[in-house]
1. What's the total number of residues in the range 351-364 that are among the basic types (Lys, Arg) and either touching a Leu at 6+ places or on another chain (Cβ under 6 Å) or away from the ligand (no atom under 11 Å from the Cβ) (or both)?
2. Can we say Ala375 is more than 8 Å from the ligand (Cβ to nearest atom), in contact (Cβ under 8 Å) with a residue 40 or more places away in the chain and not basic (Lys, Arg)?
3. Looking at the range 330-350 only, could you name the residues that are closer than 14 Å to Gly308 by Cα and within 12 Å of the ligand (Cβ to nearest atom)?
4. Answer yes or no: is there a residue in the range 121-129 that is assigned to a helix (DSSP H, G or I) and either aliphatic (A, V, I, L, M) or modelled with pLDDT of 95 or more (or both).
5. Mind counting the residues in the range 91-111 that are surrounded by fewer than 18 Cβ atoms within 10 Å (Cβ to Cβ) and either among the aliphatic types (A, V, I, L, M) or more than 24 Å from Leu154 (Cβ to Cβ) (or both)?
6. Just to check your reading of the model, which residue among Leu31, Leu27, Leu17, Leu11 is within 32 Å of the chain's Cα centre (by Cα) and under 28 Å from Asp78 (Cα atoms)?
7. In this structure, is Ala320 of a type outside the set (Val, Ile, Thr) and away from the ligand (no atom under 16 Å from the Cβ)?
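The values are calculated or read from the model by the stated rules, or taken from the named source; none is laboratory data. Owing to the predicted nature of the structure, the values given are computational and were not obtained by experimental measurement. Positions of Cβ are generated from backbone atoms using ideal geometry, with glycine treated the same way; all protein chains shown enter the neighbour counts.
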Amino acid sequence: MAAMMAQAAALADILELRMDLAPGVPLEPLLRNRPCPVIVTNRPVREGGEYAGEESARIALLQQGVDLGAEFVDVELDSAARIRRGPRTRLIISHHDFARTPDHVEEVHRHLVQAGADIAKFAVKANDILDNLRVLRVLRHTKHPTIALCMGELGVASRILGRKYGNFLTFASLAAGRESAPGQLTAGELRGLYRYKKIGPDTALYGVIANPVAHSMSPAIQNAAFEALGLNAVYLPFKVEGDPAEFVRAFRELDAQGYSVTLPHKQEVIAAMDEVDDTVRQAGAMNTVVNRGGRLCGANTDIPAALGAIEAALGVEGSAPSRALKDRETLIIGAGGAARAVACGLMARGAYVLIANRTQERAVALAREISAQAAPMERVGSLRPQILINTTSVGMWPNVEESPVPAAVLRKGMIVFDAVYNPPETRLLREAKAAGCQCISGVEWFVRQAALQCEMWTGRPAPRAVMEQVVMARLGRG
Ligand code: NAP
């Protein structure tokens, strides 16, 4: 435990000694050799801890913490009156609810303050992303030193964002798998990925709205971009299980400056926008929210990002829409959301777009809707498009030996664009390279759409190289 304390002291300002997780470990030598301020906690089972012994022995250990001058002792609300105060110790009086965020969480806070807490602490389970708002509201409105957070996967935002609203501290684990409560991030993630120590009242809030969100690369990319630009901003993952429009409306009170929006919310979120741009009207889907002085504006950076990647391959990338794509024969494999975005962009540039899909009816329906053409998959082998775009998930990890088209289709000079980004070089791109095609990877598309978001939010050129490095490092780690 002493070795762990030394390790943790390099990452944290305060260490919590969870004595209930270390039965039989004597407190006195730990306190004598503490490398930084500590909280002594001895959590009983009824409050989510592991102490199951005699209550008097549990309280005695906490009292010992006070008597030995630990900086903080954490005692539960129902036991607070049993602790004798000491001159060097601040009492954290705490309440935990592992089942829910109570309806009147501000009353819970009031009871803790009235019980004489030097620092009032409550940790409650988030069952809905909106529970974070209720907990953050307490922090925003109190002047009393308070630790307030939501537990569980849905509560991650409160653990980070609390600092902006004056949270006295947040908890983090020493390593993944060593959390002392559900939803805890590691100290490394808090400090590195989210730059926790730099968060303050003026930090601008951004995030990604998705479900699931745990494996999203967007927080890593956008936080790295903000860091590279020297901006006081943080980008969080928001796991939205319900209606994304309701989430956006409710979170207006935190004045977020922008969101990325991804599966499955790209259509439903439109309802919460004050306005949307042409890209959203074209595609019927959006992936970006920009807060312009309180007006929420929806945009779709997937479309300009895909066009930018193709135009860069053609050597005509620039600010004015180029005519280089006019009448170019383009074959899109797939008829889902990615196909729709790419096809809409290409149609707007006057390209000749042919869509083929495993489920032929979907190709026909999409083609009809956007005035493109549909082709049966069986004909793909005999087509000679100038640009070939895979928008299916064929070839994606772990099925890396699959390709959406036979290698014989690939001809020298063709532009081949694969939406799949994991792995960065798919079998399709490998075969295309061997055939002398010009290749565009899904990573390029992904980074470009993220970079355009960053530019819309900040008004500054995005650090694309940094963003790409983050993606490649993540993919490299599997
Ligand atoms: P989606 O809406 O679910 O569409 C999936 C498409 O893939 C459909 O056309 C589907 O055909 C087809 N498909 C799936 N499995 C198939 C198989 N085994 N054989 C043949 N066709 C198959 O998904 P999406 O949002 O368009 O995304 C598609 C891919 O693009 C994903 O790999 C995604 O990661 C990637 N993507 C990348 C980026 C980027 O920034 N690089 C952006 C968006 C999407 P059916 O209609 O027959 O089911």
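1. 0
2. yes
3. Selection gives Ala341, Val342, Ala343.
4. no
5. Matching residues across the range 91-111 total 3.
6. Among Leu31, Leu27, Leu17, Leu11, only Leu17 is within 32 Å of the chain's Cα centre (by Cα) and under 28 Å from Asp78 (Cα atoms).
7. The answer is yes for Ala320.
Residue by residue, here is whether (1) within 10 Å of the ligand (Cβ to nearest atom); (2) within 22 Å of Gly315 (Cβ to Cβ) holds:
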position	(1), (2)
Val416	no, yes
Tyr421	yes, no
Glu431	no, no
Ala434	no, no
Cys439	no, yes
Ala450	yes, no
Gln453	no, no
Met467	no, no
Gly476	no, no
